[in-house]
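Step one of this worksheet: look at the structure below.
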Amino acid sequence: MHYKAHICLFSNQCKIDEIVRFESVTRNKMGAALLPDAAFPRCHFVTRDPSFRRLTSTGSIRNRNYFFAAHKRISKSVHIVFSRTNDSDDAFTDVVVDQDYYSGRNEGKGLEDELRVTKKALSEAQNRQQAIEKERDELIEELARSEAKKLEYITTILHDKEVAIAELEAAKSLFQKTLEESVEDKFTLESKLVLAKQDAVDLAVQVEKLAEVAFQQATSHILEDAQLRISSAETTAAEAAHLIEKQIMDATEGKISSIVEKSNYAIERALVVAEEAGEHAKKTSETFINGTSPFSEIASIQAENIKLQGIISDLESQLIIAHNEVDRLKLELGHTRQQRKAFEQRAIDAEKALLDLQESSRKNTLKQEEEMKLFLEKMKKDMADKMKAISKSVKTDIKNIKATVKAAKEIVNSKDYAYRRRCEALQRSLNSSEDTLDMWRQRAEMAESLLLKERLHEEGDEVSLYVVNGGRIDLLTNHDSQKWKLLSDGPRREIPQWMARRIKVVSPRFPPRKIDVAEALTSKFKSLELPKVDEVWSIAREKPKEGDALLEHVFEKETINRKRKALERALQRKTIQWQRAPEQVKLEPGTGTGREIVFQAFNWESWRRQWYLELASKTTDLSQCGVTAVWLPPPTESVAPQGYMPSDLYNLNSAYGSLEELKYCIEEMHSQDLLVLGDVVLNHRCAQKQSPNGVWNIFGGKLAWGPEAIVCDDPNFEGRGNPSSGDIFHAAPNIDHSQDFVREDIKGWLNWLRNDIGFDGWRLDFAKGFSGTYVKEYIEASNPVFAIGEYWDSLAYEHGSLCYNQDGHRQRIVNWINATGGTSSAFDITTKGILHSALHNQYWRLIDPQGKPTGVMGWWPSRAVTFLENHDTGSTQGHWPFPREKLMQGYAYILTHPGTPVIFYDHFYDFGIRDVITELIEARRRAGIHCRSSIKIYHANNEGYVAQVGDALVTKLGQFDWNPSKENQLEGSWQKFLDKGSDYQVWLRQ
């Protein structure tokens with residue numbers, strides 16, 4: 001389209017250029033002097049070309065008046081008409097002359113020749129235009145075809161895009177569902193695994209302790225027990241063998257004796273039978289001999305013989321049984337002898353094992369004695385080194401303390417000297433001011449007498465007007481008299497700035513100066529009313545009042561002394577911290593020592609127990625684990641038991657314990673070199689009484705405020721103060737910090753907590769409710785070692801997902817810190833919100849476009865207080881809980897990165913990751929990581945995250961395969977210090 005327009009403009013421009021050339025040639029042919037317009041006819045060029053007609057407006061191209069240089073004659077205009085036909089090249093049709101023209105006909109012929117040349121040029125231009133138009137039409141058709149193809153391509157691409165988006169959304173929903181299920185299963189398994197690991201660790205510890213006790217008890221009696229067991233086994237074997245032999249002998253003897261008895265009995269019976277048989281035989285023979293019949297006797301003898309044979313067979317069978325029993329007893333005797341031999345072999349083996357055990361016990365005892373000696377030597381050496389380091393550190397600290405005390409004394413002396421000099425200067429200034437007063441009073445009396453004489457006199461239209469103007473006279477008059485100028489402007493010499501400032505400090509009660517003329521003209525002052533001497537210079541005789549310069553100097557001196565005492569107490573506590581470098585003693589309210597590790601020592605339900613006493617018993621454990629500062633719950637009396645609805649600020653008997661228990665807890669923490677941070681609620685305060693209209697806005701206790709201490713835009717409590725400088729907390733009256741008495745009372749209360757109770761610093765609740773400039777004033781007045789502000793703002797989300805760019809969120813937190821003048825740190829809520837998503841395989845969220853961390857840590861790390869959970873986000877409230885399965889990774893991130901990390905009570909004591917946190921604290925200590933440590937991020941993608949913090953630590957999050965040897969830019973030798981698999985790994989420089 002641009003090309004077509006360019007062609008049209010080019011063709012039309014060619015036509016115009018031809019006409020202009022024709023006109024110039026024609027004028028030059030007319031003679032030495034140019035013809036005026038009256039002599040050169042007015043021409044009308046008519047063409048059928050619409051674009052040319054549009055450019056020329058179908059009227060005269062030029063209409064100029066030229067005057068003859070020699071003849072000075074004026075002729076009328078001539079109309080020259082051009083027309084273009086399709087078949088003829090002749091474009092000139094007619095020339096009409098209205099009057100007689102100049103007498104030179106030769107010049108007219110020359111003009112006709114030039115017109116013919118012009119006509120020919122126009123014809124050629126028309127031919128070129130036709131060719132260009134034809135080419136233009138072709139280009140337009142080609143452009144239309146390309147536009148159609150483009151629309152077709154766009155339609156296809158849009159359709160494909162919609163299909164792809166639909167498929168991606170379906171895949172995303174399926175993946176999200178699967179991910180949620182897997183995360184839930186993983187969370188359940190990891191929870192069970194954590195509990196099982198904890199149980200296993202506890203059981204292993206118990207078993208190890210029991211084994212150690214058993215080993216110690218058994219070592220001294222093991223030989224005696226073994227000998228007794230062997231003797232008992234030998235005795236048992238001998239007794240068993242003897243008993244078996246006895247049983248065999250008894251059984252054999254019994255059987256044999258019974259058999260012998262039975263045999264004797266049978267033989268005796270047989271003999272008796274034989275005797276009887278002999279007698280019967282005698283009787284039979286006698287009878288036979290005597291003639292008696294022997295058959296009856298023979299029958300009886302046969303019967304007796306049959307009985308005797310039966311008895312003999314019974315005896316034989318019993319004898320066989322006895323033999324069998326004897327054989328069986330012999331077999332048992334053989335088995336018993338074999339068992340006896342086995343027992344003897346066992347006794348021999350037991351004796352041999354006893355000898356081996358004695359030998360191994362002797363060797364183990366010797367080895368343990370050697371190891372114990374080496375360990376004791378090492379401990380002695382370490383203790384000697386530690387004692388040397390302690391003595392060196394203590395000497396250095398004492399030297400620093402002496403230097404600090406000396407410097408503080410010098411500062412106090414210089415302050416006193418400066419104070420005396422200022423008082424002397426003020427006295428001299430007062431004397432000079434009194435002298436000046438006398439001079440000006442004389443001038444004022446002279447001016448008043450002059451003005452009273454000429455109060456309102458008129459000189460024609462001139463009117464003089466005078467008004468009071470800051471102790472001077474302004475005269476609004478048009479009379480330029482040096483007298484009035486002197487009276488109006490004062491002395492001719494300008495007052496130096498230093499004198500003006502001094503006069504302003506000494507006499508701040510001059511009447512306001514009117515600088516607007518309109519205001520001066522409408523003023524009601526028509527006579528001179530100078531202030532009296534006593535009113536202007538009352539400071540010379542009166543006692544110092546609040547707000548006066550002298551009293552401010554006294555307050556300044558007291559403040560300096562109070563700060564010096566607080567600094568000396570802080571330095572005195574630091575003298576026994578031999579593990580810390582001397583430069584760490586330097587304290588700043590925004591950063592502390594720079595190496596603080598804060599422990600939030602409560603949750604939402606802690607008020608249900610005697611919390612101060614319970615915390616006091618944990619101070620040693622916290623100190624040994626590496627914690628340096630403990631954040632206590634709100635100490636004041638409160639409507640809500642958690643402490644965040646305070647009423648009487650000076651009443652420290654709360655649901656967590658009494659005032660005495662609080663002081664005891666703080667003393668215990670100070671004995672372990674722990675800083676104590678108090679949770680102070682300065683934005684709002686609950687009233688104790690109702691106003692006559694039933695609104696709770698009358699405060700009681702030592703700070704008995706009224707509605708004037710409440711902001712006027714609090715919709716619920718009818719405050720009569722100024723509008724709030726921040727957000728409104730709707731549950732309680734919002735305090736107006738712009739009131740002077742409110743700020744003075746709060747500063748007094750903070751100093752009372754600091755000096756009398758023992759708090760070392762502050763955690764500022766709901767810091768979004770009032771300006772950071774007031775926080776700066778409170779911190780400068782109370783001089784805390786460390787201060788943290790809770791500026792909780794919402795992160796940026798789009799379609800329910802966390803946005804990558806969170807610069808606006810962290811900028812608002814940084815703006816609040818700036819408002820405090822950098823005297824306070826702030827919780828890095830930006831980093832917490834980003835970690836919620838980043839640790840779920842979105843590690844690319846942990847680096848911003850400039851290669852820095854994406855939270856406040858990336859912009860102002862020394863003022864960033866990083867955390868994962870607190871009493872609001874977690875505990876039983878659970879407003880914004882951190883993913884439990886990612887807690888270990890989260891602590892690995894904040895404990896190995898710049899800023900000041902915070903550890904939550906529930907995670908440390910209830911979630912079973914106390915040892916994990918302690919290991920990470922140790923890694924941070926060994927690498928020397930502090931709040932200002934440098935950071936270089938090497939990788940941040942879906943698979944994982946790698947960064948070097950400081951010079952001596954590298955941390956990796958995620959499951960991708962990486963180690964320092966694979967990084968070309970990472971120099972030095974590194975040793976793995978912590979390895980938690982796919983969760984995190986930490987290396988330290990060797």
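The values are calculated or read from the model by the stated rules, or taken from the named source; none is laboratory data. The structure displayed is predicted, hence computed values, not measured ones. Cβ atoms come from the backbone with ideal geometry, glycine included; neighbour counts cover every protein chain shown. Just the protein is used for accessible areas: all its heavy atoms, side chains included, with ligands, DNA and RNA removed. Shrake-Rupley method; radii C 1.70, N 1.55, O 1.52, S 1.80 Å.
Here are a few things to note about the model shown:
- Residues (charged (D, E, K, R) and either under 23 Å from L868 (Cβ atoms) or part of a strand (DSSP E or B) (or both)) located in the range 598-613: E605
Listed here are the residues, each with its yes/no results for (1) of a type in the set (A, V, I, L, M, F, W, C); (2) closer than 30 Å to Y265 by Cα; (3) under 46 Å from the mean Cα position of the chain (by Cα); (4) not in a helix (DSSP H, G or I).
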{"residue": "I320", "(1), (2), (3), (4)": "yes, yes, no, no"}
{"residue": "N324", "(1), (2), (3), (4)": "no, yes, no, no"}
{"residue": "G334", "(1), (2), (3), (4)": "no, no, no, no"}
{"residue": "L357", "(1), (2), (3), (4)": "yes, no, no, no"}
{"residue": "K378", "(1), (2), (3), (4)": "no, no, yes, no"}
{"residue": "I390", "(1), (2), (3), (4)": "yes, no, yes, no"}
{"residue": "T396", "(1), (2), (3), (4)": "no, no, yes, no"}
{"residue": "K409", "(1), (2), (3), (4)": "no, no, yes, no"}
{"residue": "V412", "(1), (2), (3), (4)": "yes, no, yes, no"}
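- For the range 955-962, the condition holds for at least one residue, the condition being that it is under 24 Å from Q842 (Cα atoms), open to solvent by less than 70 Å² (accessible area, probe 1.4 Å) and free of Cβ contacts under 8 Å to residues at least 24 places away in the same chain.
- The listed residue being touching a residue at least 24 places away in the same chain (Cβ under 8 Å), among the β-branched types (V, I, T), surrounded by fewer than 20 Cβ atoms within 10 Å (Cβ to Cβ) and not in a helix (DSSP H, G or I), out of T876, T896, T854: T876
- The one condition from (1) at pLDDT below 75; (2) open to solvent by less than 100 Å² (accessible area, probe 1.4 Å) that S173 does not meet is (1).
- Qualifying residue in the range 580-593 (condition: open to solvent by less than 30 Å² (accessible area, probe 1.4 Å) and either modelled with pLDDT of 95 or more or at positive phi (or both)): yes
- Filtered by the rule that a residue be outside any loop (DSSP other than H, G, I, E, B) and within 18 Å of K768 (Cβ to Cβ), the range 726-746 gives N734, I735, I746.
- Residues of the range 642-692 satisfying the condition of being closer than 29 Å to T900 by Cα, open to solvent by 10 Å² or more (accessible area, probe 1.4 Å) and part of a helix (DSSP H, G or I): E661, K663, Y664, E667, E668, H670, S671
- Within the range 814-847, tally of residues that are over 21 Å from G772 (Cα atoms), open to solvent by 10 Å² or more (accessible area, probe 1.4 Å) and part of a loop (DSSP other than H, G, I, E, B): 4
- Out of A704, A640, one residue alone is farther than 27 Å from D872 by Cβ and without any contact (Cβ under 8 Å) to a residue 12 or more places away in the chain. It is A704.
Residue by residue, here is whether (1) at pLDDT below 85; (2) hydroxyl-bearing (S, T, Y) holds:
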site: S123; (1), (2): no, yes
site: I132; (1), (2): no, no
site: L151; (1), (2): yes, no
site: I165; (1), (2): yes, no
site: K177; (1), (2): yes, no
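- Scanning the range 766-776 turns up at least one residue that is under 17 Å from V598 (Cβ atoms), open to solvent by less than 30 Å² (accessible area, probe 1.4 Å) and in contact with a helix residue (DSSP H, G or I) (Cβ under 8 Å, 6 or more places away or on another chain).
- Here L868, L920 are screened, and the one residue that is assigned to a helix (DSSP H, G or I) and either open to solvent by less than 30 Å² (accessible area, probe 1.4 Å) or closer than 23 Å to L675 by Cα (or both) is L920.
- Within the span defined as the range 925-938, one or more residues are part of a helix (DSSP H, G or I), in contact (Cβ under 8 Å) with a residue 40 or more places away in the chain, open to solvent by less than 50 Å² (accessible area, probe 1.4 Å) and more than 26 Å from R763 (Cβ to Cβ).
- Screening D727, D713, D740 for residues that are more than 31 Å from the chain's Cα centre (by Cα) and within 22 Å of W792 (Cβ to Cβ) leaves exactly one candidate, D713.
- Residue match in the range 363-370 (condition: more than 30 Å from T559 (Cβ to Cβ), in contact (Cβ under 8 Å) with a residue 60 or more places away in the chain and open to solvent by 80 Å² or more (accessible area, probe 1.4 Å)): no
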